[in-house]
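Working notes, beginning with the structure itself.
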Amino acid sequence: MTQPSSSPLLKTTLVWKLDDDVSTDVIYPGRYMATVLPSETPQYAFADLPELNKKLATGEFPRGSAFVAGKNFGCGSSREQAASTLKGYELAIVARGFARIFLQNAINLGLRTIVCPQIEASVGDALEIYEERVVNTTTGKTFPIEPLPKSRQAIIDAGGLIAYTRSRVVAENSPES
């Protein structure tokens, strides 16, 4: 049995809460599909939710802030921009569940995704995210995480699939290997 980690991987504040079935159309509206550069997509995050879009665009949420969502976050189309727009703000997304294609896109881009089916939190709550649990330090409650496979977590930890692959290629071609 793995010993629980004693230091959190991330200490953050919950800055926004979303319901179940948040689609990629809500995260990144289809009318912006011509914009594909990761440096440009963040400005359109939640464009149809003006209050949320404005808070993101004005930097009201510090990098590393958390969103909590319900089940099936990122459902709908498979547009990669939905994940890249959130990665641009370096958000952590704690959800009861993710849509399969969104989750893979998020992993490939290095977006911190945490599957926590029982999460309970309110905006303003302080969260500590560990490998195996999320602790809501405001309420004192702890919620188990469904860990990603180690290979997928390694991609997120490296900053995405490109960074992960680059580091693997460099390691394999270094004189010490």
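Just so you know, all these numbers are worked out from the coordinates, no wet-lab data involved. Just so it is clear, the structure is predicted and the values come from calculations on it, not from any experiment. Backbone-built Cβ (ideal geometry, glycine too); neighbour counts: all protein chains shown.
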Relative contact order of the chain, pairs being alpha-carbon contacts under 8 Å that are 6 or more residues apart, as %: 23
Amide H within-cut-off set for residue 130, under 5 Å, with H built and near neighbours excluded: 9, 135
Förster-model FRET efficiency, 25 Å R0, residue 6 and residue 71, C-beta, rounded to 0.05: 0.25
Under-5 Å amide H pairs with residue 141, H placed in peptide plane, nonlocal only: 136
Contact order normalised by residue count of segment 7-93, Cα under 8 Å, 6+ apart, percent: 45
Alpha-carbon centroids, segment 11-53 and segment 88-113: separation in whole Å: 12
Given 17/150; 17/87; 54/141, the pairs whose alpha carbons are separated by over 25 Å: 17/150; 54/141
Sum of side-chain charges, residue 110 neighbourhood, beta-carbon under 15 Å (Lys, Arg +1; Asp, Glu -1): +3
